[in-house]
1. Checking Gly129 against (1) surrounded by fewer than 19 Cβ atoms within 10 Å (Cβ to Cβ); (2) modelled with pLDDT of 95 or more; (3) within 23 Å of Ile78 (Cα to Cα): exactly one of these is not met. Which one?
2. If you scan the range 149-158, which residues turn out to be within 14 Å of Leu184 (Cα to Cα) and open to solvent by less than 60 Å² (accessible area, probe 1.4 Å)?
3. With Glu66, Glu62, Glu33 as the choices, which residue is on the phi < 0 side of the Ramachandran plot, open to solvent by less than 30 Å² (accessible area, probe 1.4 Å), of a type in the set (D, E, K, R) and part of a helix (DSSP H, G or I)?
4. Is it the case that some residue within the range 108-128 is of a type in the set (Ser, Thr, Tyr), within 26 Å of Glu168 (Cα to Cα) and in a loop (DSSP other than H, G, I, E, B)?
5. Pick from the range 169-183 the residues that are open to solvent by less than 70 Å² (accessible area, probe 1.4 Å) and part of a helix (DSSP H, G or I): which of them is farthest from Ala193 (Cα to Cα)?
6. Residue under question is Gly74, and the condition is that it be surrounded by fewer than 20 Cβ atoms within 10 Å (Cβ to Cβ), on the phi > 0 side of the Ramachandran plot and out of contact with any His (no Cβ under 8 Å at 6 or more places or on another chain); does it hold?
7. Out of all the residues in the range 91-112, which are open to solvent by 40 Å² or more (accessible area, probe 1.4 Å) and either among the hydrophobic types (A, V, I, L, M, F, W, C) or touching a residue at least 24 places away in the same chain (Cβ under 8 Å) (or both)?
8. Quick one: Tyr120 ticks every box in (1) over 19 Å from Ser100 (Cβ atoms); (2) surrounded by 15 or more Cβ atoms within 10 Å (Cβ to Cβ) bar one, so which box is it?
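The values are calculated or read from the model by the stated rules, or taken from the named source; none is laboratory data. Every value quoted in this text rests on a predicted model; they were computed, and no experiment measured them. All Cβ positions, even for glycine, are placed from backbone atoms using ideal geometry, and neighbour counts span all protein chains on display. Remember, those area values only see protein heavy atoms, side chains included, never the ligands or the DNA or RNA. Shrake-Rupley method; radii C 1.70, N 1.55, O 1.52, S 1.80 Å.
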Amino acid sequence: GKKDPDSMRIKKELAILYVQQDRKKDALFLAGEILDKVPDDVDALIISGSIRQSMGDDAAAEKAYEKVIKTDPGRRNIYVVLGRLYLSKGDFDSAVDLFSLMVKRFGDSYTGYYYLGKAYTGKKDIKKGAASFLKALELEPSLVEPRVELIRIYRKKGDIKSEIGQYEAILHAYPQNEVAAVDLGLLYAKTGAAKKAAAIFKDLGEKSIDNL
């Protein structure tokens, strides 16, 4: 049939309303009707993809999200949603390709670099993984997640100095982080920096020490 913009708009608004009311099947049906007429309607694809994903049909969700990015490459958040699906099923090659594309298109995306790091470490390309995590931190130094990933990498390599550097940065940003403080204190003790270790454990206070 002929596209009727008004009825399409109404269907879309209704589909969004159904999503908000958690009427998944109704929303999916309407999104399907819109996509029958306009196969690359981005809003309908996103509705369809998110519902399929919530129903556990990741393969159908992936197809919808892939089409969104092809049709409208500016939808930054869809890269993350799709890339996380790739990561969760261990498709690290697709994840590397997607997040590489994301950081190429959005050079300021620390989220893109963080997930690119996850994708590379998934592929066991630790060097590129570490470089991606460091780039994420260059863009947004207050992030903890990339530092946690780097700590894992440095620990495996036995690079205690770099490991300590990341813990110090976490504590600098979040002085209340007791887990990081304990780990850092133990690392100081291990490397013979007894004074620094003592200062940290003193800072943690009597209460925390009792709970160790």
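1. The single condition Gly129 does not satisfy is (1).
2. Across the range 149-158, the qualifying residues are Ile151, Tyr154.
3. The conditions single out Glu62.
4. There is at least one residue in the range 108-128 that is of a type in the set (Ser, Thr, Tyr), within 26 Å of Glu168 (Cα to Cα) and in a loop (DSSP other than H, G, I, E, B).
5. That would be Ala173.
6. In short, no.
7. Phe92, Asp93, Leu101, Arg105, Asp108, Tyr110, Thr111
8. Tyr120 satisfies all of (1) over 19 Å from Ser100 (Cβ atoms); (2) surrounded by 15 or more Cβ atoms within 10 Å (Cβ to Cβ) except (1).
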